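Enquirer: Pasting a structure here, questions to come.
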Amino acid sequence: MKNRSASLREEIEELIATGQLPPGHHLDETELAARFHVSRTPVREALIQLASMGIIEMRPRRGAQVATISPQQLVEMFEVMAEFEAMCGRMAARRMSAGEQQALQAAHEACKTARDAEDTDAYFYKNEVFHGLIYTGSHNQFLAQQATNLHRRLRPYRRLQLRVRDRLKNSYHEHDDVVQAILQGDGEKTAQLLRGHITIQGERFADLMASLSASTGNAAA
């Protein structure tokens with residue numbers, strides 16, 4: 001059973017991922033304690049955990065705020081994420097059991113249901129399950145943990161990406177190609193597809209920045 005600070009961390013992280021607490025937002029311990037009906041102690045512990053993950057920043061005498069990532073840092077983080085995904089995919093194509101492949105196909109079908117409903121929030125969560133199964137399927141625990149940590153750090157930005165026009169449909173089609181490559185045991189093709197799936201550049205980066213700007217502006221309004 002999770003302790004209160006751990007569950008609080010997840011709840012605050014979710015607010016950050018969904019843009020309800022945008023980058024740069026000041027996190028007041030008293031306000032958060034009142035919001036979640038707890039004392040300040042578990043809130044403080046949760047914020048320390050989030051700071052260790054890089055999701056928030058603890059500033060001397062100024063308190064905590066949601067971490068702000070520069071455009072250059074964001075590109076660099078997505079570049080690393082793309083390579084983590086490619087490595088996980090390459091290994092998963094070789095190492096996934098039949099049961100794990102079936103679970104991946106089921107997760108892919110769940111993404112399809114969310115796509116057809118045009119439900120970006122549902123797709124976001126199903127998408128996380130899909131990628132998590134590839135990490136686990138790599139059967140490299142260290143790599144899977146590193147990929148999971150960075151995936152979590154990029155959650156707010158990956159969520160925003162899905163709100164760009166046609167991204168939901170395109171993401172699903174990219175998943176479809178990945179699933180087929182894994183089922184065929186083609187590690188190199190899987191790596192190439194996942195690298196392209198995660199990398200943001202050109203128009204996709206401009207769209208993400210525009211979405212981030214709009215999200216921050218709406219939250220501040």
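What follows draws every value from the coordinates through simple rules; no lab data is involved. For clarity, every value in this text was computed on a predicted model and none was experimentally measured. So basically every Cβ, Gly included, is an ideal-geometry build from the backbone, and we count neighbours across all protein chains shown.
Enquirer: With the chain treated as a Gaussian network of Cα nodes joined by springs under 10 Å, which of 138, 52, 171 yields the largest mean-square fluctuation?
Expert: The residue with the greatest mean-square fluctuation here is 52.
Enquirer: Hey, could you grab the Kirkwood Rh for the stretch 44-121? Inverse mean 1/r over distinct alpha carbon pairs, Å, one decimal.
Expert: Averaging 1/r across every pair of different Cα atoms and inverting gives 16.3 Å.
Enquirer: Also: Which far-off residues, 5 or more places away or on another chain, put their amide H under 5 Å from the one on residue 56, with H placed in the peptide plane?
Expert: The answer is 51, 67.
Enquirer: Counting Lys and Arg as +1 and Asp and Glu as -1, what is the net charge of the other residues whose Cβ lies under 13 Å from the Cβ of residue 121?
Expert: My count for the surroundings of residue 121 gives +2.
Enquirer: What angle, in degrees between 0 and 90 and rounded to the nearest 10, separates the Cα long axis of helix 187-198 from the longest principal axis of the Cα atoms of the chain?
Expert: With rounding to tens, the tilt is 40 degrees.
Enquirer: Then there's this: Counting other C-beta atoms within 10 Å, and keeping those with at most 14, which DSSP coil trypsin sites (Lys or Arg not before Pro) do you find in the stretch 1-92?
Expert: Values: sites: 2, 4, 9, 35, 40, 44, 61, 62, 90; in loops: 2, 61, 62.
Listed in order of number, the matching sites are 2, 61, 62.
Enquirer: State, in angstrom, two size descriptors of the chain derived from its alpha carbons: Rg to one decimal place and Dmax to the nearest whole number.
Expert: Rg and Dmax of the chain, Cα atoms, are 18.1, 56 Å.
Enquirer: On C-alpha positions alone, give me the angle between the axis of helix 98-116 and the longest principal axis of the chain, in degrees, nearest 10.
Expert: For 98-116 against the chain, the angle is about 60 degrees.
Enquirer: Oh, and also: Which of 99, 185, 196 moves most in a GNM of the chain, Cα contacts under 10 Å?
Expert: Fluctuation is largest for 99.
Enquirer: Let a ≥ b ≥ c be the square roots of the eigenvalues of the Cα gyration tensor of the stretch 116-195; is it rounded (a/c under 1.5), or, if not, prolate (a/b larger than b/c) or oblate?
Expert: Since a/c reaches 1.5 but b/c is at least a/b, the shape of the stretch 116-195 is classed as oblate.
Enquirer: Does the stretch 2-60 classify as rounded, prolate or oblate by the C-alpha gyration tensor (a ≥ b ≥ c root eigenvalues; a/c under 1.5 gives rounded; else a/b over b/c gives prolate, otherwise oblate)?
Expert: Because its axes are fairly even, with a/c under 1.5, the stretch 2-60 counts as rounded.
Enquirer: Describe numerically, in nm with one decimal, the distance between label points set 7 Å from Cα along Cα→Cβ at residue 146 and at residue 26.
Expert: Using points 7 Å along Cα→Cβ, the separation is 3.9 nm.
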